[in-house]
Amino acid sequence: MRGFHCTCIGGLVSLSADGRRASRARGAAGDAHCVLLGDGPLKADGMGGVAFAIIVTAVMGGGGAGLALGLTTRRPSELKVMPDTADQVRPSWLVGYDGAIWDASAGGWGFSSWSPGSLAAGDLVELRVSAEGTVRIFVNHAEHAVHMMRIPMQEQLFALVDLQGSTTGVSLAPPGVPPPPPVRPASPAGAPALAVAVCGFSRTSLGRSVVLSPDGQTATRAGEVAPGSGCVLIGDSALQAGADGTVSFGLSVTSVSEAPEGLALGVTSRSPAELRPLPPTADGVQPCWLVGFDGATWDGAASTWGLSEWSSNDLRVGDAVSVHATKFGELRIFVNGELRATHGMRMPSGKALFPLVDIGGRVAGVSLIPAGQAPLPKKVAQTQKGGSAPINRVSSRPASMLGFSRAKLGTSLELSEDGRSVSRKVQAGVRRHFVLLGDAALERGSDGGASYEISVLAVSGDAEEGLAVGVTTRSPESTGELPDAAEALTPCWLAGFDGATWNGSAWGLGGWDPRSLAAGHRVGVSVSRKGQLQVHINGALVDTHDFGIPMGEALFALLDLAGHVTGISLLRPALAPGAPGGRPAGRPARRRSGEEGE
């Protein structure tokens, strides 16, 4: 590929003489006829992957959607007429638009953690595809998205760009642009690093459904497989003990799916040479000691299952997970430097232990974290003279929701100083601009779900609708101008209004009408680990919808007060879904006149 093809091009795009610079026609809406195709196939790198990069040269305001980057096996000579949009070039694989992916192998759309609407002139955007078909998007060398797609890497692949949305001009990055950094998180300041790491995963003892990188450091599941279908990994060498006798290893999550359960990880005293072939699941390696799955433990010494306070279902791309087996027989799990679980197991002392991992669930790809880079455990407690100091925890996730975003607030709303209470302004004739967004991601529970709860402060009696509650994957920072209605913020999932639901693309009927709410009522919103949206009123479940919400991404509270409810307050901590009437300590209930106590 030397540039974009000069004749296979959208009707609203113009090219420079050398074919390397493209601009959308001034005044064009940017929703069609803006497709660009490479003039030749991409050259494979030494690892069997392909890549190309563009530099943003012009943007227009407004936020929202942006360009899309991807690949196709279609040659320019095979396209007599350029389709209106890039996803109509079949087959094609794309990432971008308003936070979406198009996967021709799966035949449908999906969600992406990267939304290009915020790109600015001068930004460098690179698409890289590994030999296994894993697509990665980098912006200014920082990784923003990872997607496992079944791209036919044995065929010639052509660059595909759709110059939609806020991006109005791009140029191909010149050869020699520095490659992005390795896909492993750097150690945060002050976080201890792994003293010893294994060289890689064993290639001779490998689950049949796992694809291993040439260096043995990265493992990816080969598409969606049934549980127990051979997704086990074992280290290629024994772990070496640190000064305190503890052995450890760390993983970075590189890919997640919508499969049930999470990953499982731990150690075994069996070497790779003794495990040919590997059992279909990790607990079949005997003896072994594991934590994960759906919140379970396996103690190989006792041959028994147990319960764990940590469920690996809420892991996301970029999370760092480390396993520590102490000389006292404890197995500890840390996520992004925070202790999540400790289990006493009768692991043998004095025997070599090997890393053992099972990616047959939600986590579909992992990469070993080399020595010196893992965000690993802080001291669980720091004893000082006169008492104990608080634990200094390190996390790569956004802080959990404390209130509503002040920067992204409907213009017809007023927010309290602490950001927790919202009321409608009295404005004659104004019926919209009542949208509010959480100030940070919702905290995940031990079951992998997420939830929040509000208290109704005030209602009106003349509205045709009630409030709407739900979630979105759009953070305040990735949201441009806030739309005047909640359903216009894509993607999002909502329930309420006048007894309706919004599943991200279409309206439906709900089992709950919020016009029945009164001051003092509690409204709980929860998303299960299976992506179901549930609504509770005063602790009672009133509505459930199987929306398939992507639980591999951060979720943000989204509400619309354009109706019966005119004031709300965020309750923190939220009551567990289905909890009876109790309230967080110190927060009195607001009751209607004559209403009995809760």
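Considering each residue of the stretch 246-257 in turn, none proves to be part of a loop (DSSP other than H, G, I, E, B), hydrophobic (A, V, I, L, M, F, W, C), assigned by the TED database to the domain that holds Ala301 and touching a residue at least 12 places away in the same chain (Cβ under 8 Å). Picking from residues in the stretch 248-264 that are in contact with a Gly (Cβ under 6 Å, 6 or more places away or on another chain) and of a type outside the set (S, T, N, Q), the one that is surrounded by the fewest Cβ atoms within 10 Å (Cβ to Cβ) is Ala259.
The single condition among (1) part of a strand (DSSP E or B); (2) under 16 Å from the mean Cα position of the chain (by Cα); (3) over 18 Å from Ala222 (Cβ atoms) that Ser113 does not meet is (1). On the given criteria, is Thr281 at pLDDT 85 or above, of a type in the set (S, T, N, Q), under 29 Å from the mean Cα position of the chain (by Cα) and farther than 24 Å from Ala296 by Cβ? Judged against the criteria, Thr281 is not a match. Among strands (runs of 3 or more DSSP E) entirely within the stretch 4-51, having at least 3 residues that are modelled with pLDDT of 95 or more and of a type in the set (A, V, I, L, M, F, W, C) singles out 35-38. Quick check, is Ile549 of a type in the set (Val, Ile, Thr), on the phi < 0 side of the Ramachandran plot, in a strand (DSSP E or B) and at pLDDT 50 or above? No. Number of residues in the stretch 2-11 that are buried (at least 19 other Cβ atoms within 10 Å of the Cβ) and of a type outside the set (Gly, Ala, Ser): the value is 4. Taking the conditions (1) in contact with a strand residue (DSSP E or B) (Cβ under 9 Å, 6 or more places away or on another chain); (2) within 24 Å of Ser209 (Cβ to Cβ); (3) touching a residue at least 60 places away in the same chain (Cβ under 8 Å) in turn, Glu155 satisfies each one other than (1). Only one of the numbered conditions (1) over 13 Å from Thr168 (Cβ atoms); (2) in a loop (DSSP other than H, G, I, E, B) is not met by Ser77, and that is (2). One residue stands out among those in the stretch 329-359 that are farther than 26 Å from Ala259 by Cα and of a type in the set (D, E, K, R): the one that is surrounded by the most Cβ atoms within 10 Å (Cβ to Cβ), which is Glu330. Quick one: in the stretch 61-101, which of the residues that are among the basic types (Lys, Arg) and more than 18 Å from Gly133 (Cβ to Cβ) is surrounded by the fewest Cβ atoms within 10 Å (Cβ to Cβ)? So the residue we want is Lys80. If I filter the stretch 466-484 down to residues being among the aliphatic types (A, V, I, L, M) and out of contact with any Asp or Glu (no Cβ under 9 Å at 6 or more places or on another chain), which single residue comes out as modelled with the highest pLDDT? The residue in question is Val471.
Please tell me if Gly117 is at positive phi and touching a Gly at 6+ places or on another chain (Cβ under 6 Å). It is false that Gly117 is at positive phi and touching a Gly at 6+ places or on another chain (Cβ under 6 Å). Restricting attention to the stretch 258-269 and to residues that are touching a strand residue (DSSP E or B) at 6+ places or on another chain (Cβ under 7 Å) and in a loop (DSSP other than H, G, I, E, B), the residue that is farthest from Ala219 (Cα to Cα) turns out to be Gly262.
For Pro370, the conditions (1) closer than 22 Å to Gln240 by Cα; (2) at pLDDT 80 or above all hold with the exception of (2). The set of residues in the stretch 550-570 being buried (at least 24 other Cβ atoms within 10 Å of the Cβ) and small (Gly, Ala, Ser) consists of Ala557, Ala562.
Among the residues making up the stretch 142-160, none is modelled with pLDDT of 90 or more, assigned to a strand (DSSP E or B) and under 24 Å from the mean Cα position of the chain (by Cα). Every condition in (1) in contact with a strand residue (DSSP E or B) (Cβ under 8 Å, 6 or more places away or on another chain); (2) in a strand (DSSP E or B) holds for Gly66 except the one numbered (2).
Scanning the stretch 497-528 for residues that are touching a residue at least 40 places away in the same chain (Cβ under 8 Å), more than 27 Å from Arg444 (Cβ to Cβ) and in contact with a Ser or Thr (Cβ under 8 Å, 6 or more places away or on another chain) gives a single hit, Gly520. With respect to the stated conditions, Val380 fails to be among the β-branched types (Val, Ile, Thr) and modelled with pLDDT of 50 or more. When Leu36, Leu15 are checked against the criterion of being crowded, with 19+ Cβ neighbours inside 10 Å and in the same structural domain as Met149 (by the TED database), a single residue qualifies: Leu36. The set of residues in the stretch 102-112 being crowded, with 24+ Cβ neighbours inside 10 Å and out of contact with any Leu (no Cβ under 6 Å at 6 or more places or on another chain) consists of Ser112 alone. For Thr85, indicate whether it is touching a Phe, Trp or Tyr at 6+ places or on another chain (Cβ under 7 Å) and among the hydroxyl-bearing types (Ser, Thr, Tyr). When the stated conditions are applied, Thr85 does not pass them.
Among the residues of this structure, Arg24 counts as one that is basic (Lys, Arg), in the same structural domain as Ala159 (by the TED database) and either under 29 Å from the mean Cα position of the chain (by Cα) or surrounded by 18 or more Cβ atoms within 10 Å (Cβ to Cβ) (or both). For the stretch 348-359, the set of residues classified as in contact (Cβ under 8 Å) with a residue 60 or more places away in the chain and over 18 Å from Val146 (Cα atoms) consists of Pro348, Lys351, Ala352, Leu353, Phe354, Pro355, Leu356, Val357, Asp358, listed by residue number.
The values are calculated or read from the model by the stated rules, or taken from the named source; none is laboratory data. Given the structure is predicted, the values throughout are model-derived calculations rather than measurements. Cβ coordinates were reconstructed from backbone atoms using ideal geometry, including for glycine residues, and neighbour counts include every protein chain displayed.
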